[in-house]
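Undergrad: Mind having a look at this structure? Questions to follow.
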Amino acid sequence: MSVNVALNSQLRPRVGHDKFSKPRLLVLATALVSLCGGTIAYATPTALVAARVIDGRSSTLSRATVVVVEGKKIIAMGDRSIIPANADVIELGDATLMPGMINVHEHPLMSSSDYQNAHLATSSAYKALTALAGLQKLLLAGWTGVRVMGDADVGYANQDLRRVIDAGLFLGPRMSGAAHYLSITGGGGDVNYLSPEQTVRPDGLIADGPEEIRKAIRNEIKYGSDWTKLLVTGAFESVGDDPRNVAFSPEELKAAVEESARHRVPVAAHAHATEGIRQAVRAGVRSIEHGTYVDDETLHEMARRGTFLVPTVYLGDYYDQGDQLRAQDKNDEYIKNGRADFLATILRAHQYGVKLAIGLDLGVGIADPSVYANEFVVFVEAGIPPMAAIQAGTRVAAELLRWDDRLGTLEIGKLADIIAVPGNPLVDITALRQVSMVMLDGHVVKRPGVSQPIAGILLAANAP
Ligand SMILES: [Zn+2]
């Protein structure tokens, strides 16, 4: 049996997810559920009305200008004639509706660009609290999903963040990912600038040889990771290693992919050097992170195998702003001699049919969420059509995360993670920096012209 409950759409309770409801409404909903033993059918759908719609799937604008949401899901798309008489209508004017953006490479606990050092300065609990505030700001900037790719934390605060968000205790984007990156001794996840007499715990999980790798992966999964993250080559932002060197051996890569696969956990491989990328692709990783020096032969192999590429290309630009990094010289060299080639590589990857996804490789504790949309801007600078760039941060990103059965596109039956941006982002991609409306799981969490905090949601006091 279902019950019709007329509630303001912003306060509508979700069965099993009450973070949006006032306690009184929660009691009402709980009582109704327990009285009737069934699900609640909501009487008030929400109709989002805009000038245009990007559905994340088609290569042109959708013919729809209205998206109707009931409960958590999209139930109709079309013109104004489909708006139900009882709908809460949100008029967005000259705006474009599109799927919520998904950042597939995030480090929420990083609080400083000097990440190999910064993880030593604050506790795991402090990092969790500051990252929660940052993730909420990221959500309000239009990012409804993130994949964590290791973090500046010896603990598992990022997994606890995911737990409290999933439990509905706090508002935040959907989360997935790896608590830590696995690194060889002396690799990008190790601390390589202290004297041999000093012992500190690096933020990476140091694992050498197939057996240590298996054990590290089992620990990661034990404490919540649903991805394995490997630092397969050296990195740009770390001291003491070289992005052109391969860290893990083919035997170690094979063990990592095998062990992860037995737990149905996919592997993401940080890799810059061609040889490392090739070995990781052949070992069966699901995504290559960065891919700076990938050659055409390997790109073709990635296209054939369906390996995703997450180029995180804006990252280098972000750090081209003065002396921010302990290893600033490596980034400076890349900007001078590598950036133009990398943009050309990304365009060729797109042309060869490699699945490109949007990832920032920043952290909400480092960068303002408004700069996150710059990854789309740089994709377009590389020559990728704006629609393909948008799909890289919506549909393709959802596919990478295996969320594509329910997220990543605006289609009837999909979960309603929807944003609105001013104007037409196909004409001006920078519109993605100014998200005006955010709906998460069918709930409007940001609405144009409404500044009051939404009841039942804990937001940082200075959240936009
Ligand atoms: Zn990263």
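The values are calculated or read from the model by the stated rules, or taken from the named source; none is laboratory data. Please read these numbers as outputs of a predicted model, since none were measured by experiment. A quick note on method: Cβ atoms are made from the backbone with ideal geometry, for glycine too, and the neighbour counts reach across all protein chains shown.
Undergrad: Does residue 331 meet the test of being of a type outside the set (Gly, Ala, Ser), in a helix (DSSP H, G or I), at pLDDT below 90 and closer than 30 Å to residue 129 by Cβ?
TA: yes
Undergrad: Please give the strands (runs of 3 or more DSSP E) falling wholly within the stretch 38-98 in which 1 or more residues are at pLDDT 95 or above and in contact with a Ser or Thr (Cβ under 9 Å, 6 or more places away or on another chain).
TA: Values: elements: 40-42, 46-49, 66-70, 73-78, 88-91.
The strands (runs of 3 or more DSSP E) meeting that bar are 46-49, 66-70, 73-78, 88-91.
Undergrad: Of all residues in the stretch 205-245, which are of a type in the set (D, E, K, R) and closer than 19 Å to residue 319 by Cα?
TA: To start, the set of residues in the stretch 205-245 that are of a type in the set (D, E, K, R) comprises 208, 211-212, 214-215, 218, 220, 222, 226, 229, 237, 241-242, 244.
Of everything in the stretch 205-245, those that are of a type in the set (D, E, K, R) and closer than 19 Å to residue 319 by Cα turn out to be 237, 241, 242.
Undergrad: I need a count of the residues in the stretch 258-280 that are surrounded by 24 or more Cβ atoms within 10 Å (Cβ to Cβ) and either without any contact (Cβ under 8 Å) to a residue 40 or more places away in the chain or within 16 Å of the ligand (Cβ to nearest atom) (or both). Can you show your working first?
TA: As a first pass, look at the stretch 258-280 and keep what is surrounded by 24 or more Cβ atoms within 10 Å (Cβ to Cβ): 260, 267-272, 276-277, 280.
This time we only want the ones that are either without any contact (Cβ under 8 Å) to a residue 40 or more places away in the chain or within 16 Å of the ligand (Cβ to nearest atom) (or both), so: 267-272, 276-277, 280.
Residues that pass the stated criteria total 9.
Undergrad: Which of the residues that make up the stretch 71-107 are away from the ligand (no atom under 16 Å from the Cβ) and touching a Phe, Trp or Tyr at 6+ places or on another chain (Cβ under 6 Å)?
TA: 71, 101 - these are the residues of the stretch 71-107 that are away from the ligand (no atom under 16 Å from the Cβ) and touching a Phe, Trp or Tyr at 6+ places or on another chain (Cβ under 6 Å).
Undergrad: Considering only the stretch 294-309, state which residues are in contact (Cβ under 8 Å) with a residue 40 or more places away in the chain and closer than 10 Å to residue 354 by Cβ. Outline the logic, then answer.
TA: Step one: of the stretch 294-309, the residues in contact (Cβ under 8 Å) with a residue 40 or more places away in the chain are 294, 296, 299-300, 302-303, 306-309.
Result: 294, 299, 300, 302, 303, 306, 307, 308, 309.
Undergrad: Criterion first (in a helix (DSSP H, G or I) and either in contact (Cβ under 8 Å) with a residue 12 or more places away in the chain or of a type in the set (Lys, Arg) (or both)) does residue 358 satisfy it?
TA: no
Undergrad: Return yes when residue 238 is under 25 Å from the mean Cα position of the chain (by Cα) and assigned to a helix (DSSP H, G or I) and no when it is not.
TA: No, not satisfied.
Undergrad: Looking at 338, 316, 291, can you tell me which residue is free of Cβ contacts under 8 Å to residues at least 60 places away in the same chain, in the same structural domain as residue 360 (by TED's automatic domain parsing) and within 15 Å of the ligand (Cβ to nearest atom)?
TA: Result of the check over 338, 316, 291: 291.
Undergrad: Can we say residue 314 is more than 30 Å from residue 52 (Cβ to Cβ) and touching a helix residue (DSSP H, G or I) at 6+ places or on another chain (Cβ under 6 Å)?
TA: No.
Undergrad: Here's something else I'd like to know. Residues that are over 24 Å from residue 371 (Cα atoms) and within 16 Å of the ligand (Cβ to nearest atom): list the strands (runs of 3 or more DSSP E) wholly contained in the stretch 140-194 that include at least 1 such residues. Steps first, answer last, please.
TA: On the way: elements: 143-149, 174-178, 181-183.
Of the strands (runs of 3 or more DSSP E) lying wholly inside the stretch 140-194, those with at least 1 residues that are over 24 Å from residue 371 (Cα atoms) and within 16 Å of the ligand (Cβ to nearest atom) span 181-183.
Undergrad: Does the stretch 214-235 contain at least one residue that is in contact (Cβ under 8 Å) with a residue 60 or more places away in the chain, buried (at least 24 other Cβ atoms within 10 Å of the Cβ) and more than 30 Å from residue 334 (Cα to Cα)?
TA: yes
Undergrad: If you check residue 70 against the conditions, is it on the phi < 0 side of the Ramachandran plot and either over 27 Å from the mean Cα position of the chain (by Cα) or not assigned by TED's automatic domain parsing to the domain that holds residue 433 (or both)? Full working, then the answer.
TA: On the way: on the phi < 0 side of the Ramachandran plot: yes; either over 27 Å from the mean Cα position of the chain (by Cα) or not assigned by TED's automatic domain parsing to the domain that holds residue 433 (or both): no.
Criteria not met by residue 70.
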